[in-house]
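Right, one structure below, let's go through it.
The values are calculated or read from the model by the stated rules, or taken from the named source; none is laboratory data. All values reported here derive from a predicted model rather than from experimental measurement. With ideal geometry, Cβ positions are generated from the backbone for all residues, glycine too; neighbour counts draw on all protein chains shown. All accessible areas refer to the heavy atoms of the entire protein, side chains included, with ligands and DNA or RNA removed. Shrake-Rupley method; radii C 1.70, N 1.55, O 1.52, S 1.80 Å.
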Amino acid sequence: MKIQVKNIYKIFGNKPEAQLGKVKAGMGKEALLDETGHTLGLNDISLDIEEGQIFVIMGLSGSGKSTLIRHFNRLIEPTDGHIIINGQDVMALPERELEDFRRHKISMVFQRFGLLPHKSVLDNTAYGLQIQGVGKAERAEKAGYWLEQVGLKGFEEQYPHQLSGGMQQRVGLARALTTDPEILLMDEAFSALDPLIRREMQDQLLELQQKLHKTIVFITHDLDEALRLGDRIAILRDGELVQVGSPEEILLKPADDYVQAFVQDVNRARVLTASHVLAPAKLTVTLKSKPQQAVELLKEHSSEYACVLDGTQLKGLITVLDAQRALNDNADSLANYLSSVESVRSDTELEQILPNILSNNGAPIAVTGKDGGFKGWVSCEKLISLVA
Amino acid sequence: MFPELFSTRELRKSIDGSVDWLVTNYADSFEALTQPFLAILIWLEQLLRGAPWWAVILGVALVSYAASRSWLLSLGMSALLFFIGAIGLWDQGMQTLALMLVATGLSVVIGIPVGILMASYDRFRKIMLPVLDIMQTMPSFVYLIPVVMLFGLGKVPAIFATIIYAVPPLIRLTDLGIRLVDADVLEASRAFGANRRQQLFGIQLPLALPNIMAGINQTTMMALAMVVIASMIGARGLGQEVLIGINRLEVGRGLLAGLAIVALAILFDRITQSLGKRMSVAQQDS
Ligand SMILES: Nc1ncnc2c1ncn2[C@@H]1O[C@H](COP(=O)(O)OP(=O)(O)OP(=O)(O)O)[C@@H](O)[C@H]1O
Ligand SMILES: [Mg+2]
């Protein structure tokens, strides 16, 4: 377990502690504001975030996303509750150890970049190391490496205001990675970027994550982004946690109308994959089966075709007619009577499968795993029910 | 006629009494306290007056070049100083210059830390704001009386009076500059584990620098505005020339001394301004 959030409450105002009792007794955000003038930022948030995950926190503006993520490195103190990281209660850290924790274990990428305008790109990237007291040569080397990783080699001596938004955020990302933290906090890191650059940055993040396996807490108010990046997604509303689950769970089993409203406009064909429309094969025969057996099996199941496997690998399709032909020819095996079959990998997005189905004139499409093993067929009924 | 609520005569008397008490009991220790400043001022004054005139002009030319990286400005500043010498006010000019430098230096030493404290502690800021208002609006003669009583006539009270009048803009602009630092940038530095010292020297002061430089510029200008008054309590220099001109109704003497003060003002203004400009540009794209 990497990060545990335990019953975090945050109330903004003059005397937050005094209002805690009312909130715990069930007073909502609006009532609290009307009665006491205090804003309920977070209401009893508990979460578990696994190591190596990209954990996405979503919600509308004002739902408390920024407030929550700033609790992880204690830029904001909670009114009540604990954050436990690697077994250590962050709220119990004294000032010095907190600084140390921020220097080495956790870093952050900001929505408005938060670059230092008076420092060069290289010095910005090396800022975390400078704070740690690392020597100049080592700083330059590490910062240079990460700038190259995010594609900014050659811009070391420029200043932030000379870069485009997308480039500035790459500096922000490089700066966060340069201290080699275990945890990366990203507060709407890509929201200020235009859609194309944004998609590029998402790809880059996913690519880096494949190598780095950091624990990433990523905030967004964009469901497409959440579904693309998130291993798990938490949804906040008015400071309360509404649902936590995998992207599929959020999409297919929204907990309430709020989440439903979020997901209804999403382009499912882009998010869901072949594994979501998988129908297990009713009938399989092996390559070694005799034509006689195949014909009998097909008749028994009154099926027009069966798939033919060699071990787990899909070899092709045998139709009733072809099986009959093999029997008439007195063939040894079905090997020469197979027709080829279209197949897609289970992580293929539905969007890419749709054209195949149309061009395939209703012929079945097989789904294979990453190792090429046969998993089943694309179910047209499921596909239509999910995408339509 | 406004009714007399209490005896103001008594009030004035008791104020006078406490100042008298302060003077009789502590004047010596106050004077001892100020000896180091006096020593610096006298040393600087002797240096400037003792050095050959061309060496001083050369020095100013180099300082202006260092501040602005412009030979043109450097040449202009030298010409201004030459002008002061040419109208026969070199010696007085050097006296005023020395006083200005010490007063500005002390203002920086006092003003920037006070400004930082104001930006860091809201309560201190609430106390300081009215104090600064008083320092800037109270007629300087009012505090000249007790200052002179405490320190006697001479250079030290002149420095004090000048600082009291000239330091508020620097304090205000330091406070403002630090407050204007982008909260996002400061938050980022905290997120990377910067402590208070690293935040102050790495982020807040560098980003507030353009405002602080503007404050120093204002302070030098206000200090020059004080030279005539300062000379009334024994600071000599160009202010004294103006006073003599007034007393003897010698318009020419007063005018020339006035022009020399203007020349010094331009000198300080251009040098501090171009330094400030260059620093804020260096921050952005060096
Ligand atoms: N310093 C503060 N003082 C008072 N109220 C605050 C403060 N910070 C946040 N809030 C309130 O807490 C709530 C949550 O704010 P937060 O910034 O966490 O929202 P968010 O989900 O990040 O929104 P956005 O998508 O706009 O960034 C809001 O109602 C906001 O008004
Ligand atoms: Mg936010």
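Some values worked out for this structure:
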{"read-out": "Residue of A:G114, A:G376, A:G135 that the Gaussian network model of chain A assigns the largest fluctuation, springs spanning Cα pairs under 10 Å", "value": "A:G135"}
{"read-out": "Chain B: DSSP helices with Cα axial extent of at least 24 Å and average Kyte-Doolittle hydropathy no lower than -1.0", "value": "B:8-50, B:90-120, B:155-179, B:205-225, B:251-285"}
{"read-out": "Protein-only accessible surface order, largest first, of A:D322, A:D371 at 1.4 Å", "value": "A:D371, A:D322"}
{"read-out": "Residue-normalised accessible area of region B:10-285, expressed per residue, 1.4 Å probe, Å²", "value": "49 Å²"}
{"read-out": "A:F72 accessible area, 1.4 Å probe, all protein chains in place, Å² to nearest 10", "value": "0 Å²"}
{"read-out": "Label-to-label distance, nm, for residues given as A:E304 and B:R248 (7 Å Cα→Cβ offset)", "value": "12.3 nm"}
{"read-out": "Solvent-accessible surface (1.4 angstrom probe) belonging to A:H276, in square angstrom, nearest 10", "value": "40 Å²"}
{"read-out": "Within the accessible area of region A:80-239 (1.4 Å probe), percent carbon and sulfur", "value": "45 percent"}
{"read-out": "For the pair B and A, total buried accessible area rounded to nearest 100 Å², probe 1.4 Å", "value": "2100 Å²"}
{"read-out": "Percent carbon-and-sulfur accessible area, region A:275-387, ignoring ligands, DNA and RNA, probe 1.4 Å", "value": "49 percent"}
{"read-out": "Share, in percent, of DSSP beta bridges within chain A that are antiparallel, nearest 5", "value": "55 percent"}
{"read-out": "For region A:334-378 and region B:183-239, distance of Cα centres in Å", "value": "72 Å"}
{"read-out": "Eligible lysines near A:K211 by straight Cα distance, threshold 25 Å, same-chain separation 8 or greater", "value": "A:K2, A:K105, A:K142, A:K153, A:K370"}
{"read-out": "For B:L132, net neighbour charge (Lys/Arg +1, Asp/Glu -1) across residues whose Cβ lies under 14 Å away", "value": "+1"}
{"read-out": "Cα centroid of region A:48-81 to Cα centroid of region B:240-265, whole Å", "value": "69 Å"}
{"read-out": "Cα centroid of region A:88-163 to Cα centroid of region A:213-231, whole Å", "value": "22 Å"}
{"read-out": "Extension reserve of the B:L11-B:W43 stretch, reckoned as 0.36 nm per residue once the Cα distance is removed", "value": "7.3 nm"}
{"read-out": "Cross-link partners of A:K315 among aspartates and glutamates (Cα-Cα below 13 Å; sequence separation of 8 or more within a chain)", "value": "A:E342"}
{"read-out": "Heavy atoms of A:R199 accessible to a 1.4 Å probe, total area in Å² rounded to 10", "value": "90 Å²"}
{"read-out": "Under 17 Å from A:K136, Cα to Cα: lysines that are on another chain or at least 8 residues apart", "value": "A:K119"}
